[in-house]
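Participant: Structure incoming, see below.
The values are calculated or read from the model by the stated rules, or taken from the named source; none is laboratory data. Given the structure is predicted, the values throughout are model-derived calculations rather than measurements. For neighbour counting, all protein chains shown are included, and Cβ atoms are generated from backbone atoms with ideal geometry for every residue, glycine included. Please note that ligands, DNA and RNA were not included when accessible areas were found on the heavy atoms of the full protein model with its side chains. Shrake-Rupley method; radii C 1.70, N 1.55, O 1.52, S 1.80 Å.
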Amino acid sequence: MQVVVSPPFVFLPLVKNELRPDFHVAAQNCWVKKGGAFTGEVSAEMLVNLSIPWVILGHSERRALLGESNEFVGDKVAYAISQGLKVIACVGETLEQRESGSTMDVVAAQTKAIAERVKDWSTVVLAYEPVWAIDTGKVATPAQAQEVHAELRKWLQENVSTEVASSTRIIYGGSVSGANCKELAGHPDVDGLLVGGASLKAGFAGESYFLQ
């Protein structure tokens, strides 16, 4: 089991120093290229200088609110890896897209933009986070989560390699709680959980995990 904690930027050094040594820290984002005149952005190089090993990229809120395209997210993933960071790359569909039956088209397109730019998959974890299940109280059923995770693994096998498909961890995020985490994580293609607000609740850490 591997645990990664991802606080806001300003708390990264504090959390890193306070955590037990076998826990890791992730930033919630980083810039797409080498540092320069990009006021307010945090570069991959800055994270490396702080000895932050992980970064989350492509979160649905950044895609929706800040207009980050699939290609932009793919570029960010590639650059972060080139600087020595490990990446948790998020993919997922909206409620409208799910109801229209285009879940896998959307998720495959998001994954394709990453796969076209990544050569070393040992530093990438995919996080499936259906947008309709984030902070809504709704959660994909374990069967729904398993279905998408299995399809993602199949996509990797057909479009990248069998080795990458079998070794890449695919984790689930979206209204994960202490009540549903064990059942979600019990499915064969769900390799861990991307936990939001529930991770701040007392007792949750003893019941669940981030990466398996």
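Participant: Specify the residue that is surrounded by the fewest Cβ atoms within 10 Å (Cβ to Cβ); the eligible residues are those in segment 36-62 that are over 13 Å from the mean Cα position of the chain (by Cα) and in a helix (DSSP H, G or I).
Facilitator: 49
Here is a yes/no grid of residues against (1) under 28 Å from residue 41 (Cα atoms); (2) within 15 Å of the chain's Cα centre (by Cα); (3) surrounded by fewer than 19 Cβ atoms within 10 Å (Cβ to Cβ); (4) among the aromatic types (Phe, Trp, Tyr):
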residue: 90; (1), (2), (3), (4): yes, yes, no, no
residue: 162; (1), (2), (3), (4): no, no, yes, no
residue: 172; (1), (2), (3), (4): yes, yes, no, yes
residue: 178; (1), (2), (3), (4): no, no, yes, no
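Participant: Are any residues in segment 11-22 free of Cβ contacts under 8 Å to residues at least 40 places away in the same chain, of a type in the set (A, V, I, L, M, F, W, C) and open to solvent by less than 60 Å² (accessible area, probe 1.4 Å), and if so, which ones?
Facilitator: 15, 19
Participant: Now for a separate question. Please find, among 125, 148, the residue that is hydrophobic (A, V, I, L, M, F, W, C), open to solvent by less than 10 Å² (accessible area, probe 1.4 Å), part of a strand (DSSP E or B) and touching a strand residue (DSSP E or B) at 6+ places or on another chain (Cβ under 9 Å).
Facilitator: Answer to the check: 125.
Participant: Got at least one residue in segment 152-161 being part of a loop (DSSP other than H, G, I, E, B) and among the acidic types (Asp, Glu)?
Facilitator: Within segment 152-161 (the criterion being part of a loop (DSSP other than H, G, I, E, B) and among the acidic types (Asp, Glu)), the answer is no, since none of the residues qualifies.
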